[in-house]
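Input: a single structure, listed below in C-alpha cells.
The values are calculated or read from the model by the stated rules, or taken from the named source; none is laboratory data. Being a predicted model, the structure only gives us computed values, none of them experimental. A quick note on method: Cβ atoms are made from the backbone with ideal geometry, for glycine too, and the neighbour counts reach across all protein chains shown. For accessibility, only protein heavy atoms count, side chains too; no ligands or nucleic acids. Shrake-Rupley method; radii C 1.70, N 1.55, O 1.52, S 1.80 Å.
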Amino acid sequence: MPQVALVSADAALALDEDMPPLVEAFRRLGAQVATPSWDAPDVDWSRYDLALLRSTWDYVERIDEFLAWAAACGRATRLFNPVSIVAWNTDKHYLAALHDAGVAVVPTRFVEPGSDAAAALQGFLGGGARSLSAGAACDFHQYVVKPSVGAGSRDAARYRRGVDDDRAQVHLRRLVEVERRSAMLQPYLTSVDTAGETALMYLGGSPSHAIRKGPLLRLDDGLVTGLFAPEDIRPRLPDHDEQALAAATLQALPFDMPLYARVDMVRDAAGAPVLLELELTEPSLFLLHSPGSADRLAKAALRAAAGMHPPAS
C-alpha cells in the first residue's frame, strides 16, 4: 500500500481546495495519505513512497529554509516536483531564461537587491517597458511592482503611470533597498480586466484542463495580507494560440517535463498570448473545475514514483 504525503503548511491546509479531491483520488488507488506541513519538525519523510508538493504557500519569506527542506526531503523520498525544478521555479528570473529560449513573456525588468529604486523606476518609466532582450518598447499606462520570489500576489501592487509613481517608488525601495529582495517591474496588460488570465494545467506531462482567473490587482487596493489574493475562477476552453504558447513554454524548459505544471498567460496589446507565470512548485491546480483531474494526477504521481530510482540514503 503506497504511503503518500501531500505536503501543505499549517496556515494553508484548510484553504487548499485541491486537497480533498486529491486525497480521495489517492485513496481510491489504494494509497494511505497524510497531509503534513513542510516545516513540521517531527515528520520522517523517508516513511513515504512519495511527497507531492501542494499548498506550501508560506515559504516565500523563508525561501532558503524551504529549499533546504526540499533538498533533504528529496534525499529521503521521491519529491514532486524535484528540488532542482523548485529552486529554478521559485525565482521568477526564469522568465528571462524562457524569453532567451524564444518564449513570449510579459515584458519584465528586474531590479536587484541594493539597486537605487528611484533610478530603476525612472528608467523603467522613461524608456517604456522593454522586452528582456532590449527589444521594442511597449506603451503602457499602468504597471506592476512585485518581488521576484513571491506567491499568491503577496507584495504585488498595480500603479498608474504619472499618478502613483511616488507610491510605487516607496514600494520598490522597500523591496530592493530595505528588504534586499529582487523585484520586478512589468506593464499592466489591461486585457486582464476584461478577459482575465488563462491558466492551463498539465498533469503527468499531458494537457488536462484550463481555467479563467479574474483580475487580482486592483488600483488603490492595499497589499495582500493573507497567503493569497481572493480569486474569481471559472472553467475555460483555451484557444489554439494559448495551447501553442503553453506547449512552447514547456518544451523550452531546461529539464524533463515535470509531473505537474500550470501555465498562466494574458493577452498583450496586440491580442497575442504572453506568459505571465509558470507554476511548477505549489500551484493551485483547480481540480474541482475538471472532473477526473484529481485521479489523473494521482495515477501519474504513483507511476512516476514507481519509475524513479530510490532516493539516496
Discussion item. Checking the structure you have, find out if any residue of the stretch 52-74 is closer than 17 Å to residue 301 by Cα, part of a helix (DSSP H, G or I), basic (Lys, Arg) and open to solvent by 30 Å² or more (accessible area, probe 1.4 Å).
Written reply: no
Worksheet item: Which members of the stretch 176-200 meet the condition of being among the hydrophobic types (A, V, I, L, M, F, W, C), in contact with a helix residue (DSSP H, G or I) (Cβ under 8 Å, 6 or more places away or on another chain) and over 27 Å from residue 269 (Cβ atoms)?
Response: 176
Fill in: Pick from the stretch 105-120, criterion surrounded by 15 or more Cβ atoms within 10 Å (Cβ to Cβ) and in a loop (DSSP other than H, G, I, E, B), ranking: farthest from the chain's Cα centre (by Cα)
115
Worksheet item: Between a first residue in the stretch 237-266 that is farther than 20 Å from residue 297 by Cα and outside any strand (DSSP E or B) and a second residue that is open to solvent by 10 Å² or more (accessible area, probe 1.4 Å) and hydroxyl-bearing (Ser, Thr, Tyr), which pairs have beta carbons less than 6 Å apart while being 6 or more apart in sequence or on different chains?
Response: none
Discussion item. Just checking, does the stretch 75-86 include any residue being open to solvent by less than 50 Å² (accessible area, probe 1.4 Å), at pLDDT 95 or above and of a type in the set (Ser, Thr, Tyr)?
Written reply: yes
Worksheet entry | All positions within the stretch 175-200 that are small (Gly, Ala, Ser) and either open to solvent by 10 Å² or more (accessible area, probe 1.4 Å) or not in a strand (DSSP E or B) (or both) | 182, 191, 195, 196
Response to the item:
Within the stretch 32-51, residues buried (at least 21 other Cβ atoms within 10 Å of the Cβ) and assigned to a loop (DSSP other than H, G, I, E, B) come out as 38, 48
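Touching a residue at least 24 places away in the same chain (Cβ under 8 Å) and assigned to a loop (DSSP other than H, G, I, E, B): is that true of residue 276 in this structure?
no
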Worksheet, complete the sentence: Filtering the stretch 138-151 for residues that are modelled with pLDDT under 95, of a type in the set (S, T, N, Q) and part of a loop (DSSP other than H, G, I, E, B) leaves a count of 0
Worksheet item: Identify, please: which residue in the stretch 8-27 is touching a residue at least 60 places away in the same chain (Cβ under 8 Å) and out of contact with any Asp or Glu (no Cβ under 7 Å at 6 or more places or on another chain) and is, among those, nearest to residue 78 (Cα to Cα)?
Response: 26
Worksheet item: Quick one: is residue 102 part of a loop (DSSP other than H, G, I, E, B) and open to solvent by 10 Å² or more (accessible area, probe 1.4 Å)?
Response: yes
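Which of the following residues is at pLDDT below 95 and part of a helix (DSSP H, G or I): 123, 135? Before the answer, list the steps.
Numbers: 135 fails: part of a helix (DSSP H, G or I).
Only one candidate passes the filter, namely 123.
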Item to complete: Could you pull out the residue among 267, 218 that is under 26 Å from residue 59 (Cα atoms), at pLDDT below 95 and open to solvent by 50 Å² or more (accessible area, probe 1.4 Å)?
Response: 218
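For the stretch 152-169, check the following and say yes or no: at least one residue is of a type outside the set (Asp, Glu), part of a loop (DSSP other than H, G, I, E, B) and closer than 15 Å to residue 111 by Cβ. If you could, list the steps in order and put the result at the bottom.
Residues of the stretch 152-169 that are of a type outside the set (Asp, Glu), as a first pass: 152-154, 156-163, 167-169.
Those left that are additionally part of a loop (DSSP other than H, G, I, E, B): 152-154, 156, 161-163.
Now drop any that are not closer than 15 Å to residue 111 by Cβ, which leaves 156.
Yes, the conditions are met somewhere in the stretch 152-169.
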